[in-house]
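Presented below is the structure to which this report refers.
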Amino acid sequence: MKCAVIGAGYAGMAAAAELTRAGCPPTVYESAREPGGRARRLVMDGRVLDNGQHILSGAYSELLQLMELVGAPPAELLERLPLTLRIEPDFHLSCATGGKLALAAGLLRARGLSLADRWRAAGLVRRLRRARYRTAATETVQDLLTRDGQSGRTIERLWNPLCIAALNTRPAEASAQVFANVLRDTLDGAGGASDLLLPRCDLGSLFPRPAVRFVERAGGEVRLGRPVRALQADGAGWSIDGERFEAVVLATPPWVAARLLGGDGRAAELAVHLRKLRYEPIYTCYLEAQAQYRLDVPMLGLSAGLLQWVFDRGQLGGPPRVFAAVVSAHGPHEALSLEEFGAQAVRELQEALPAAPPFTVLQTIAESRATLSCTPGLIRPAAATPLPGLFLAGDYVYADYPSTLEGAVRSGVAAAHAVRSRPG
């Protein structure tokens, strides 16, 4: 069977790796010259960085399995740490590795909340577990927290940062059900599911680049720098810029998928739906400290200004003295130019870290459509399309999860299985 995958992000390369494992190494098309999509590596003045920040969790089971498959051993490329949240100026949560009671126990020991607040927060976890992590379909995270009686301080210090980090959507708009799904897999998954997994390398080297080599060694082909201009039905198969395939996995962002599908009337409704999806931005400002400096933790939360997180790239497989300041989801930062955002990032870091040396801006990256807006009742497409032999993959497809690397990988694996089980 001759298969193609359009898009070499995490979803596309997951589909390609899974097809290769099944004995059907595909041809992969990617418009960029680096695989990884919105989680690819960047080379900036000789420094290897990423176009966005991603922290993995021990619950990312499919990604961890595929890393092993393609020769990127998780034990070598990821540092496993107990779940730890440090949010300036005074909140600190540290959980033991693994176990269903890890978060509850960590909450009861957390600093920066009253005993009553900690008890109530741990109680929310217990109540969600008793409800089998099911919430009302129309409920937002803010609705859930208010209904449960969580205090304003607990919401500000704990639940808001967790929600934005997991769903990249503010609690007032974010789906309580998807948030509960994340808590379910993190808290009730296999041992170590709640751990943080910190990359020791850039995100491209973590999975997409090894997956490229895995596919090519098996006889497949990965065509980087090759945007697809035309995707057309061709008898019982598909034609990509004149080359015929029996099956195609469309693993592009949804707006690109809508464009490629738009010429076929059978997929008109799907294309319209894809065009209507809403997105959330992520702004990342890379900064360099002018002298040796290291955070106490790889990822530090901030609560006094625009910035939400600062990542110590020297502890995440990147160059020392380089830091990434991040703001996720919609907010007032979108009204700033990139230069203004960088200047604001410098000011806020210097105020939050008074012992740090001066920072200078290296580059600011604004991904205006970084992830889906993970809202209640969001209808997400399935892997199968109305067009025989054409399947979708992407972090927007896997309905149980927010737009994460794990969601992307699971969608790619599901698309590959759909290709293999298609009629004929």
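Details
- Furthest towards positive pole of dipole, Thr252, Gly149, Leu85, structure part the chain, Cβ charges: Gly149
- Three-way shape call for the range 206-254 based on the alpha-carbon gyration tensor, with the a/c threshold at 1.5: prolate
- For the chain, the relative contact order is 24 percent, taking Cα pairs closer than 8 Å that sit 6 or more residues apart in sequence and dividing their mean separation by the residue count.
- Rounded, prolate or oblate (a/c below 1.5 giving rounded, otherwise prolate when a/b exceeds b/c) for the range 279-372 by Cα gyration tensor: prolate
- When the helices of the chain are scored as -39500 (n - 2.57) per DSSP H run of n ≥ 4 and the total is divided over every residue, the value at 222 nm lands at -9500 deg cm²/dmol.
- The charge dipole of the range 276-389, taken about the Cα centre with unit charges on the Cβ atoms of Lys, Arg (+1) and Asp, Glu (-1), comes to about 420 debye, rounded to the nearest 20.
- Residue order, fewest to most surrounding Cβ atoms within 10 angstrom, among Trp238, Trp119: Trp119, Trp238
- Among Ser114, Leu101, Leu183 - extreme Cα towards positive end, dipole of the chain, charges at beta-carbon: Leu101
- The charge dipole of the range 184-312, taken about its Cα centre with unit charges on the Cβ of Lys, Arg, Asp and Glu (plus for the first two, minus for the last two), comes to roughly 320 debye.
- Taking a span of 15 Å or more along the helix axis (Cα atoms) and a mean Kyte-Doolittle hydropathy of at least 1.6 as the rule, no DSSP H helix of the chain qualifies.
- Taking a ≥ b ≥ c as the square roots of the eigenvalues of the Cα gyration tensor, an a/c ratio below 1.5 marks the range 124-192 as rounded.
- The range 64-115 and the range 328-376 have Cα centres spaced 25 Å apart.
- The length gained on full extension between Ala22 and Glu216, counted as 0.36 nm times the residue separation minus their Cα-Cα distance, comes to 68.4 nm.
- Only the Cβ atoms of Lys and Arg (+1) and of Asp and Glu (-1) were treated as charged; on that basis the dipole of the chain about its Cα centre amounts to roughly 900 debye.
- In this simple spin-label approximation, Ser303 and Gln350 carry label points 7 Å from Cα along the Cα→Cβ vector, and these lie 2.5 nm apart.
- Dividing the C-alpha radius of gyration of the chain by 2.2 N^0.38 Å, with N its residue count, gives 0.98.
Taken together, the values in this text are just the output of simple stated rules run on the coordinates, not laboratory data. Predicted, not measured: the structure shown is a model, and the values here were computed from it. Don't worry about glycine lacking a Cβ; one is built from the backbone with ideal geometry, like all the others, and counts go over all protein chains shown.
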